[in-house]
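Student: Take a look at the following structure, please.
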Amino acid sequence: MFGVQLREMPPFHFDVEEIVAWKALTVGWIAARAMLIVEGMPSVLTRSSVVVREEGAYWRVVHWHVSIPVANEDSVGVELTTTVDEILTLVHDEPPPLHSNCG
């Protein structure tokens, strides 16, 4: 869904206010607060959480969540695709991924 929404959004960036991270063996957790900056829109505070897994020299993102406490239209100035049916309609002609490293 995030890929679909990225194509719908105007240019944006985040100004990170706070970030904390922890590690236990090969799993890491990250929590962050950042201001979402979209030109022509008021800045909006966001909260993010990320779970990562160490794979050799790299960390793979296995879960990522961003929370914005206002409607999409109020934070980025456009309505974003948010329902599963809308997403399936938009991606029905896209080929499936070649492989998945889940597990």
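The values are calculated or read from the model by the stated rules, or taken from the named source; none is laboratory data. These numbers were taken from a predicted model, which means no experiment stands behind them. As a convention, Cβ positions derive from the backbone with ideal geometry for all residues, glycine included, and neighbour counts pool all protein chains shown.
Residue-by-condition table, conditions (1) in a helix (DSSP H, G or I); (2) at pLDDT below 85; (3) among the polar types (S, T, N, Q):
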| position | (1), (2), (3) |
| --- | --- |
| Arg47 | no, no, no |
| Val62 | no, no, no |
| Ser75 | yes, yes, yes |
| Val78 | no, yes, no |
| Ile87 | yes, yes, no |
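Student: Which residue is farthest from Val16 (Cα to Cα), if the candidates are limited to segment 26-59 and must be among the aromatic types (Phe, Trp, Tyr) and surrounded by 14 or more Cβ atoms within 10 Å (Cβ to Cβ)?
Tutor: Start the filter on segment 26-59 by keeping residues that are among the aromatic types (Phe, Trp, Tyr), which leaves 29, 58-59.
Right, trim to surrounded by 14 or more Cβ atoms within 10 Å (Cβ to Cβ) and you get 29, 59.
Values: Trp29: 17, Trp59: 20 Å.
For segment 26-59, the residue satisfying everything is Trp59.
Student: Taking segment 21-43, which residues are over 18 Å from Arg60 (Cα atoms), of a type in the set (A, V, I, L, M) and without any contact (Cβ under 8 Å) to a residue 40 or more places away in the chain? Reasoning before the result, please.
Tutor: Pass one, segment 21-43, residues over 18 Å from Arg60 (Cα atoms): 33-43.
Okay, now just the ones that are also of a type in the set (A, V, I, L, M), so 34-38, 41.
Scanning segment 21-43 gives Ala34, Met35, Ile37, Val38, Met41.
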